[in-house]
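> I'd like to ask you about the structure that follows.
The values are calculated or read from the model by the stated rules, or taken from the named source; none is laboratory data. None of the values given here were measured: they were computed from a predicted structure. Cβ sites come from the backbone with ideal geometry, for glycine too, and all protein chains shown count toward neighbours.
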Amino acid sequence: MSTLRFHAIKGSLDSKPVAVEEKVRRSELFGENVFNENTMRQYLTKDAFVGVINAIKYGKKIDRNIADQVASSMKDWALSKGVTHYTHWFQPLTGATAEKHDAFFETTGDGMAIEKFGGSQLVQQEPDASSFPSGGIRNTFEARGYTAWDPTSPAFIYGTTLCIPTIFVAYTGEALDYKTPLLRALHAVDDAATAVCRYFDKNVKKVSSSLGWEQEYFLIDKRLAASRPDITLTGRTLLGHSPAKGQQLDDHYFGSIPTRALNFMRELENECMLLGIPVKTRHNEVAPNQFELAPIFEEANLAVDHNSLLMDVMGRIASRHNFKVLMHEKPFAGINGSGKHNNWSLSTDTGVNLLAPGKTPMSNLQFLTFFINTIKAVHKHEALLRAAIASASNDHRLGANEAPPAIISVFIGEQLTKVLEELEGVTKGKLSPQEKTELKLNVVGKIPDVLLDNTDRNRTSPFAFTGNKFEFRAVGSTANCGNPMTVLNTIVAKQLKDFKVEVDALIDKKDLKKDEAIFNVLREYIKSSRDILFEGNGYGKEWEDEAKRRGLSNNKTTPEALKARVSEQSIALFEEMEVMSRKETEARYEIEIEAYIMHIQIEGRVLGDIARNHIVPTAVKYQNILIENVKGLKEIFDKKYEAVSKEQLSLIEDISSHIEGINANVTKMINERKKANNIEDIEKKAYAYCFNVKPLFDDIRYHCDKLELLIDDEIWPLTKYRELLFTR
Ligand SMILES: NC(=O)CC[C@H](N)C(=O)O
C-alpha cells in the first residue's frame with residue numbers, strides 16, 4: 001500500500017494542467033446543444049411550436065399528432081449534430097441520473113435501415129424499472145414503470161445522445177423520482193401564489209418558482225483519491241490525522257485558482273454553455289482544494305435538472321484533468337464541508353420578483369405578504385424542512401465549519417426585523433385613515449427598494465433572507481435539489497392558500513378593505529411565527545437551549561430527522577396540495593431510511609477493513625523495527641540500555657495499546673452491525689446503526705489517527721490529509 005501511496009504522490013506531482021481551448025465567445029456557445037425555443041422555431045412547424053410553448057407556459061397537453069412532429073424534428077436536429085442515440089433521462093431516487101440509450105436506427109424489413117423517432121417514443125418509454133428504489137410501491141414481479149416526457153425542460157445533446165428529460169412513475173401512477181413531486185409542488189405554488197398576487201395585480205396569470213443553486217465541491221488528484229479505499233468506496237475519508245496546516249490561515253478562500261483546477265473549470269463551463277446551463281461564478285472555497293460553481297438562477301424545475309446534469313458532467317470532465325470531484329458533504333474531518341445553498345424566490349409572468357421590495361407602498365405590501373408567508377410556512381413546517389435535507393452525509397456537515405446547525409431558523413437582518421416589529425403594532429380590525437397613511441408612508445413605504453445585501457452575513461443560518469430571495473443554506477452538496485424544492489414550494493403553497501382564505505374571510509365577514517384585511521392577517525402571522533426568527537450564532541449551546549424553549553426541533557441525525565416526513569401533518573399537507581399521496585410519502589421515507597442504513601453499513605465495513613488490513617499490519621511492522629532496534633541497543637549498551645531505549649520501549653507499548661484499541665472496537669462494531677442487521681423494523685434498524693454502530697467509527701478512527709502520528713511516514717499506507725489537500 002505505501003508503494004501505492006508514493007506512486008500516487010509522484011503521479012500527482014508530475015501532473016501538468018490539461019490545456020483547454022476557448023475560441024468562441026460563451027454567449028455564442030450557449031444552448032447550442034439544447035432543443036430550445038430558438039432551435040424549435042427553426043425546426044418545428046408553427047402548430048407544433050405553439051403546442052410545445054403552450055405546454056411549457058400553461059401546462060397544456062400535447063396531442064399525438066404534435067408529438068409526432070416534434071419527435072421527427074428533434075431527430076433531424078440531433079442527426080445534423082452527429083447524434084446516434086436517444087434516451088429518456090430521469091432522476092430516480094438513487095440520487096444519480098438514469099439513462100438507457102436506444103439507437104434511432106431501425107430496419108425496414110427489406111434489408112434496408114432508416115433513422116426513426118416517433119411521437120410515441122418521445123412521449124413515453126417503459127424502462128425495466130425493477131432495480132430502482134420504490135420503497136415497496138412496486139413489487140419486482142410487476143417491474144413496469146414508465147418515463148414520460150417533461151416538455152418544460154428542453155431536450156439536450158450530451159455526447160452523441162439526445163437526452164429527453166422525463167418523469168419516472170410506477171405503472172400504477174405513483175412517483176418514483178424527484179421530478180414528479182417537484183412538478184406538482186410547482187403547480188401548487190403557482191396556483192396559490194397567483195391567487196394572492198391578484199390582490200395586488202389582476203393581470204398576473206402565473207407565478208414561477210426560481211432556484212439558483214451554489215455547488216460546492218472538492219477537487220482531489222485522481223491518483224491520490226484512488227489510493228484511498230475510503231474515498232473510492234464512500235466518497236469521504238473515514239480516517240486521517242489533521243494536517244499541521246488546514247484552513248486556519250484562510251488563505252484559500254477567494255484566492256487565485258490553481259491552474260490545473262482552473263482548466264478543469266473552463267472546460268466544464270464550456271460544456272455547461274453547450275448544454276444551456278448558465279454557469280456564471282467560480283471561486284475557491286474556504287477549505288484547501290475546495291471550490292464553488294454557481295449559475296444564474298432559473299425556473300426551479302429546469303434548475304434542478306441542470307444541477308443533476310452538472311454533477312454528472314463534472315465527474316466526467318474532472319477525470320480528463322486527472323481529478324476526482326468529491327461531492328460529499330464532509331469529505332475531510334475538521335475543515336469546511338460542502339453545501340449546495342438553494343437560492344429561492346417566486347416571480348410573476350408580469351416580471352415581478354415577489355421577494356424583492358418594490359417602488360410603491362402597494363408593491364411593498366405585496367413583498368411583505370410573500371415574505372411573511374414564507375417565514376410562517378417555515379415556522380410551521382421547520383421539522384419537515386430539516387427532513388428534506390437529511391442524509392447520512394449531510395449529518396456530518398451540519399453544525400460546524402460555516403454550515404448551519406440542525407435547528408431550522410430564519411435570518412432576516414436588522415432592517416426587516418424592525419419593519420416586522422412595527423407591523424406587529426397595527427390596530428386590530430378597521431384602520432383609521434391616519435393609520436393607513438402612516439403605514440403606507442412610513443412603514444411599508446420605507447422599505448428601501450434595494451435592501452442591504454445580507455448574503456453570507458450569517459453563515460450559520462439555515463434559511464436566510466438575502467435582499468431579494470431566501471437562501472436555504474442547509475441543503476447538502478450531494479443532494480438532488482428536487483427534494484428540498486418540493487418541500488419548500490409545497491409548504492409555501494399551503495401557507496398562501498390558507499392566507500387567502502383568512503384574508504377573504506375578513507373582507508367578507510368583517511367588511512374590511514383588502515389592504516386592511518392583509519395587514520390584519522400579517523400582523524397575526526408575525527406574532528405567531530416570531531419563534532422561527534433568529535439572528536445570532538447558530539452554534540452555541542445557548543441557541544440549542546433557546547430553540548428548545550421555542551419548541552423548535554433539533555434533530556441531529558437522519559433517522560430522527562426523517563420522522564417528520566411521515567408525520568400525520570406532513571402526509572396531510574402533501575395530500576392536500578396534491579404533491580404526494582400517503583403511499584408516495586411513506587415510500588420515500590422508506591427509501592431514505594434504507595439509504596441511510598446502507599451508507600453506514602458500507603462505511604463500517606470499509607473502516608473495519610482499512611483498520612485491520614492496512615493500519616494494524618503497518619503498526620506491527622513498525623513495532624518490529626523498534627523491537628529490533630531495542631534488541632540492538634541492548635547488545636551494545638549493556639548497563640546504559642534502559643536509558644537509551646526508554647522512548648522506543650514506550651513507543652512499542654503505545655503501539656500495542658492502539659492496536660488493541662482498534663481490534664477491540666472493530667470487533668465491537670462488527671457485533672453491533674450483526675445485531676442491527678437482525679432487526680426487521682427499518683426504523684429501529686436505522687436507529688441501531690446511528691446510535692450503536694456509527695459512534696464506534698470515532699473510537700476506531702481515534703486509534704488509527706494516533707498511530708499515523710507514531711509510525712514512520714515511509715511505511716504509512718494511506719495517503720495523508722496534507723497530500724490530499726495540498727496537492728494542486
Ligand atoms: N463560504 C460559505 O458560504 C461556506 C459554506 C459552507 N461550506 C457550507 O457547508 O455550507
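> Which residue is farthest from the ligand (Cβ to nearest atom), if the candidates are limited to segment 440-468 and must be modelled with pLDDT under 95 and within 30 Å of Pro165 (Cβ to Cβ)?
Asn468
> Okay, moving on. How about segment 431-545: which helices (runs of 4 or more DSSP H) wholly inside it have at least 3 residues that are outside the structural domain of Met362 (by TED's automatic domain parsing)?
Because the criterion is at least 3 residues that are outside the structural domain of Met362 (by TED's automatic domain parsing), no helices (runs of 4 or more DSSP H) in segment 431-545 meet it.
> Separate question: What residue, of Gly95, Gly59, is within 30 Å of the chain's Cα centre (by Cα), modelled with pLDDT under 95 and surrounded by 15 or more Cβ atoms within 10 Å (Cβ to Cβ)?
Gly95
> Can you tell me which condition Val34 does not meet? The list is (1) within 20 Å of Ser120 (Cβ to Cβ); (2) at pLDDT 95 or above, and all the others hold.
Here Val34 meets the rest and fails (1).
> Pull out all pairs, ordered by first then second residue, where Cβ-Cβ is under 8 Å, the residues are six or more apart or on different chains, the first lies in segment 322-333 and is outside any loop (DSSP other than H, G, I, E, B) and at pLDDT below 95, and the second is more than 15 Å from the ligand (Cβ to nearest atom) and acidic (Asp, Glu).
Close Cβ pairs satisfying both conditions: none exist.
> Can you find a residue that is assigned by TED's automatic domain parsing to the domain that holds Thr259 and more than 30 Å from Thr39 (Cα to Cα) anywhere in segment 292-310?
Within segment 292-310, one or more residues are assigned by TED's automatic domain parsing to the domain that holds Thr259 and more than 30 Å from Thr39 (Cα to Cα).
> Hey, another quick one. What pairs can you find where one residue is in segment 580-594 and under 18 Å from Glu560 (Cβ atoms), the other is charged (D, E, K, R) and buried (at least 22 other Cβ atoms within 10 Å of the Cβ), and their Cβ atoms are less than 7 Å apart, with a gap of 6+ or different chains?
Qualifying pairs under 7 Å: Thr585/Arg565; Arg588/Arg565; Tyr589/Arg565.
> Pairs only if they're at least six apart or on different chains, beta carbon under 6 angstrom, first in segment 645-673 and within 10 Å of Ile700 (Cβ to Cβ) and outside the structural domain of Arg605 (by TED's automatic domain parsing), second modelled with pLDDT of 95 or more and not aliphatic (A, V, I, L, M); list them, first residue then second.
none
> Of these, Leu309, Leu274, which one is surrounded by fewer than 20 Cβ atoms within 10 Å (Cβ to Cβ) and either away from the ligand (no atom under 16 Å from the Cβ) or farther than 19 Å from Gly255 by Cβ (or both)?
That would be Leu274, the only listed residue that is surrounded by fewer than 20 Cβ atoms within 10 Å (Cβ to Cβ) and either away from the ligand (no atom under 16 Å from the Cβ) or farther than 19 Å from Gly255 by Cβ (or both).
> Follow-up. With respect to Leu249, is the statement that it is free of Cβ contacts under 8 Å to residues at least 60 places away in the same chain and either crowded, with 20+ Cβ neighbours inside 10 Å or within 16 Å of the ligand (Cβ to nearest atom) (or both) true?
yes
> Sticking with this structure for a sec: Listed residues Ser256, Ser227; which is of a type in the set (Gly, Ala, Ser), free of Cβ contacts under 8 Å to residues at least 40 places away in the same chain and in the same structural domain as Trp344 (by TED's automatic domain parsing)?
Criteria check complete, one pass: Ser256.
> If you take the residues in segment 406-429 that are over 34 Å from the mean Cα position of the chain (by Cα) and among the hydrophobic types (A, V, I, L, M, F, W, C), which one is nearest to the ligand (Cβ to nearest atom)?
So, considering only residues that are over 34 Å from the mean Cα position of the chain (by Cα) and among the hydrophobic types (A, V, I, L, M, F, W, C), the one nearest to the ligand (Cβ to nearest atom) is Leu423.
> Then there's this: Would you tally the residues in segment 62-115 being in a helix (DSSP H, G or I) and touching a strand residue (DSSP E or B) at 6+ places or on another chain (Cβ under 7 Å)?
4
> Same structure, new question: From the residues in segment 412-430 that are free of Cβ contacts under 8 Å to residues at least 40 places away in the same chain and assigned to a helix (DSSP H, G or I), which one is farthest from Leu506 (Cα to Cα)?
Gln415
> I'm told Gly135 meets every condition in (1) part of a strand (DSSP E or B); (2) at pLDDT below 90 except one. Can you identify the failing condition by its number?
(1)
> Whether any residue in segment 448-469 is surrounded by fewer than 23 Cβ atoms within 10 Å (Cβ to Cβ) and without any contact (Cβ under 8 Å) to a residue 12 or more places away in the chain is what I want to check.
Within segment 448-469, one or more residues are surrounded by fewer than 23 Cβ atoms within 10 Å (Cβ to Cβ) and without any contact (Cβ under 8 Å) to a residue 12 or more places away in the chain.
> Tell me, which residue of segment 390-405 that is within 13 Å of the ligand (Cβ to nearest atom), of a type in the set (Gly, Ala, Ser) and assigned to a loop (DSSP other than H, G, I, E, B) is nearest to Arg473 (Cα to Cα)?
Checking each candidate, the answer is Ala403.
> I would also like to ask the following. Considering each of Phe291, Phe254, Phe200 in turn, give the residue that is among the aromatic types (Phe, Trp, Tyr) and under 20 Å from the mean Cα position of the chain (by Cα).
Going through Phe291, Phe254, Phe200 in turn, the sole match is Phe291.
> Of all residues in segment 345-385, count the ones that are under 20 Å from the mean Cα position of the chain (by Cα) and either in a helix (DSSP H, G or I) or within 16 Å of the ligand (Cβ to nearest atom) (or both).
Residues in segment 345-385 being under 20 Å from the mean Cα position of the chain (by Cα) and either in a helix (DSSP H, G or I) or within 16 Å of the ligand (Cβ to nearest atom) (or both): 5 in total.
> Now, a different point. Lys75 passes all but one of (1) surrounded by 13 or more Cβ atoms within 10 Å (Cβ to Cβ); (2) touching a residue at least 40 places away in the same chain (Cβ under 8 Å); (3) touching a helix residue (DSSP H, G or I) at 6+ places or on another chain (Cβ under 8 Å); which number fails?
The one condition Lys75 does not meet is (3).
> In segment 607-683, which helices (runs of 4 or more DSSP H) lie fully inside it and hold 3 or more residues that are hydroxyl-bearing (Ser, Thr, Tyr) and modelled with pLDDT of 95 or more?
Here the list reads 646-677.
> Select from segment 498-515 the residues that are in contact with a helix residue (DSSP H, G or I) (Cβ under 6 Å, 6 or more places away or on another chain) and either aromatic (Phe, Trp, Tyr) or more than 24 Å from Leu416 (Cα to Cα) (or both) and list them in ascending order.
Correct list: Phe499, Leu506, Ile507, Leu512.
> Could you tell me whether any residue of segment 135-150 is surrounded by 14 or more Cβ atoms within 10 Å (Cβ to Cβ), closer than 27 Å to Met273 by Cα, of a type outside the set (Ser, Thr, Tyr) and under 23 Å from the mean Cα position of the chain (by Cα)?
Yes; the residues of segment 135-150 include at least one that is surrounded by 14 or more Cβ atoms within 10 Å (Cβ to Cβ), closer than 27 Å to Met273 by Cα, of a type outside the set (Ser, Thr, Tyr) and under 23 Å from the mean Cα position of the chain (by Cα).
> I would also like to ask the following. Within segment 3-15, restricting attention to residues that are free of Cβ contacts under 8 Å to residues at least 40 places away in the same chain and in contact with a helix residue (DSSP H, G or I) (Cβ under 9 Å, 6 or more places away or on another chain), which residue is surrounded by the fewest Cβ atoms within 10 Å (Cβ to Cβ)?
Lys10
> Still on this model: Pick from Arg282, Arg266, Arg320: which is under 23 Å from Thr234 (Cα atoms) and surrounded by fewer than 20 Cβ atoms within 10 Å (Cβ to Cβ)?
One residue alone meets the criteria, Arg320.
> When segment 254-278 is examined, which residues are found to be of a type in the set (A, V, I, L, M, F, W, C) and closer than 20 Å to Ala155 by Cβ?
Cys272, Met273, Leu274, Leu275, Ile277
> Let me confirm something: among Asn336, Asn342, Asn284, which residue is in contact with a Pro (Cβ under 7 Å, 6 or more places away or on another chain) and within 16 Å of the ligand (Cβ to nearest atom)?
Every option except Asn342 fails the conditions.
> Looking at (1) more than 16 Å from the ligand (Cβ to nearest atom); (2) over 27 Å from Ser209 (Cβ atoms), which is the one condition that is false for His328?
(1)
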